[in-house]
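The block underneath contains the structure these notes are about, expressed in structure tokens.
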Amino acid sequence: MERWSGKVALVTGASSGIGAAITEELAKAGVKVFGLARRVERVEEIKNKLGKVKGDIIPLKGDVSKEEDIVAAFKVIKEKFGTIHILVNNAGIGRMALLSGKFYMIYEL
């Protein structure tokens with residue numbers, strides 16, 4: 001992970017689960033991590049809980065199912081750091097679908 005120290009990452013779905021764990025580990029390794037999530041307050045809690053680490057967590061509010069949120073996130077990152085070195089597209093979109101006469105939740109990544 002040392003080779004990623006000082007780099008810039010975007011992690012979608014950073015507020016919980018795998019996305020939160022990846023966000024934490026990248027920040028500990030010295031990466032500047034933009035944590036994109038609908039529940040941005042949870043990314044802020046992760047940042048506060050983690051405390052001082054080698055990298056940083058920068059919470060960004062956004063929903064990956066909305067193109068304007070994605071465009072806005074990339075604009076913020078470009079303005080602050082110019083580029084992204086790491087992209088972790090972790091967020092999924094859930095939809096209800098009728099399969100064999102029953103409704104099921106379908107997740108897309």
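FYI, it's all coordinate maths here, none of it is from the lab. Small disclaimer: the values here were computed from a predicted structure and weren't measured. All Cβ positions, even for glycine, are placed from backbone atoms using ideal geometry, and neighbour counts span all protein chains on display.
Approximating the spin labels as points 7 Å out from Cα along Cα→Cβ, the GLU45-to-LYS66 distance works out to 2.1 nm. Label sites at GLU79 and LYS52, each approximated as a point 7 angstrom past Cα along Cα to Cβ, lie 3.0 nm apart.
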